[in-house]
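Written below as structure tokens is the structure these notes are about.
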Amino acid sequence: MELNYIRHFVVLAETGNYLEAADILFMAQSSLSRHIKSIEEDLGAPLFDRTTRKVELNEFGRAFLPYAKKMVEIQDEYSRVLQGCLNGMTSTLTVASIPAMTHYNITDVLAGFQEANPGYRLNIVEADSTQTFQMLEEKKCECGFVRDAQGLSKEIKQVEFTTDHLVVVLSLDHPLAKEDFVTLEMLEGEKFLFLNKNTTMYSICYNACRKAGYEPDVAFTGLRGENLIDLAARGMGVALLTKKPIEHLAGGRVVLVDVVPTVATTISLVYSAKGKLPDALKKFISYVQSYRK
């Protein structure tokens, strides 16, 4: 059974008209009719109920249609992949990234690379750093932007992209709100508002408090920084967050105070160097390096 004939069947099923389908497919009606009859002969049953004005799928045709569409999708997909191989490129590059893409200019990098390399298709996945490393291990992505890539195996390489640092988010009437800076020791005994457990940010904040000599009293963990800020504004605790993603969220409702000594974080692009790097990944790494400079 010719795969192209399957495509012709799908178009005819969607239009219900031989003339319209033939125009879409840039072919003669007689050729289209022969192709449909060829499929019916291979399947052993008619697919349409024909009238003088239009054609309608019969029960057999309706049962076959979803499988025909899948066959067409698969043909389109392998055609793109094989054409990419012929051109010396991988057609799709899957890039994972921490959620704060906009504030670290990661979206600028992604959009700029796509514009400069229209032959590649970027598949972008939002993920925490720990999830990105797991995706790299399972080969579900080729690279990813992560926070504080530490203890990397020899197979994982990184390109440092940008940096940020922790600030404490305080309500306007908090006793420390007018300070130029605070130490984590000064926050002992506070109720803390952290991003979710099992995230890199939770580990950074929790470990920073432990390094200051105490176990933080974590009163809330959440997925979104704006929720932590709102709770801090209402006096429900103090939040520890990185500065760049939340500067625009403060809005005069809270005070952001730098933590000293500085608790810095580094945003890096990580990728697996095991085996030969796809051309698309090489180009993306080079683009990130040039953007960073």
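Figures for the structure shown
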{"item": "Selected residue [more than 22 Å from residue 148 (Cα to Cα) and of a type in the set (D, E, K, R)] from 217, 258", "result": "217"}
{"item": "Filtered residues of segment 208-229 (kept if assigned to a helix (DSSP H, G or I) and either among the small types (Gly, Ala, Ser) or over 14 Å from residue 187 (Cα atoms) (or both))", "result": "208, 225, 226, 227, 228, 229"}
{"item": "Residue within segment 197-213 that is in contact (Cβ under 8 Å) with a residue 24 or more places away in the chain, more than 30 Å from the chain's Cα centre (by Cα) and buried (at least 16 other Cβ atoms within 10 Å of the Cβ) present", "result": "yes"}
{"item": "Residues (among the charged types (D, E, K, R), out of contact with any Phe, Trp or Tyr (no Cβ under 8 Å at 6 or more places or on another chain) and at pLDDT 90 or above) located in segment 263-293", "result": "282"}
{"item": "Residues satisfying the stated conditions in segment 1-45, i.e. within 21 Å of residue 76 (Cβ to Cβ), in a loop (DSSP other than H, G, I, E, B) and within 39 Å of the chain's Cα centre (by Cα)", "result": "1, 2, 26"}
{"item": "Filter result (outside any helix (DSSP H, G or I), modelled with pLDDT of 90 or more and among the aliphatic types (A, V, I, L, M)) within segment 52-105", "result": "57, 93, 95, 96, 98, 101"}
{"item": "Residue ID - farthest from residue 202 (Cα to Cα), chosen from residues in segment 120-135 that are more than 10 Å from the chain's Cα centre (by Cα) and open to solvent by 10 Å² or more (accessible area, probe 1.4 Å)", "result": "120"}
{"item": "Subset of segment 252-293 (residues that are within 30 Å of residue 212 (Cβ to Cβ), open to solvent by 40 Å² or more (accessible area, probe 1.4 Å) and part of a loop (DSSP other than H, G, I, E, B))", "result": "252, 253, 260, 261, 262"}
{"item": "Unmet requirement for residue 249, which otherwise passes all of (1) open to solvent by 10 Å² or more (accessible area, probe 1.4 Å); (2) modelled with pLDDT of 90 or more; (3) within 20 Å of residue 106 (Cα to Cα)", "result": "(2)"}
{"item": "Residues of segment 141-157 satisfying the condition of being within 18 Å of residue 110 (Cβ to Cβ) and either in contact (Cβ under 8 Å) with a residue 60 or more places away in the chain or in contact with a Phe, Trp or Tyr (Cβ under 7 Å, 6 or more places away or on another chain) (or both)", "result": "142, 143, 144, 145, 146, 147"}
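The values are calculated or read from the model by the stated rules, or taken from the named source; none is laboratory data. Please read all numbers here as calculations on a predicted model, not as lab measurements. FYI the Cβ positions are ideal-geometry reconstructions off the backbone, even for glycines, and counts take in every protein chain you see. All accessible areas refer to the heavy atoms of the entire protein, side chains included, with ligands and DNA or RNA removed. Shrake-Rupley method; radii C 1.70, N 1.55, O 1.52, S 1.80 Å.
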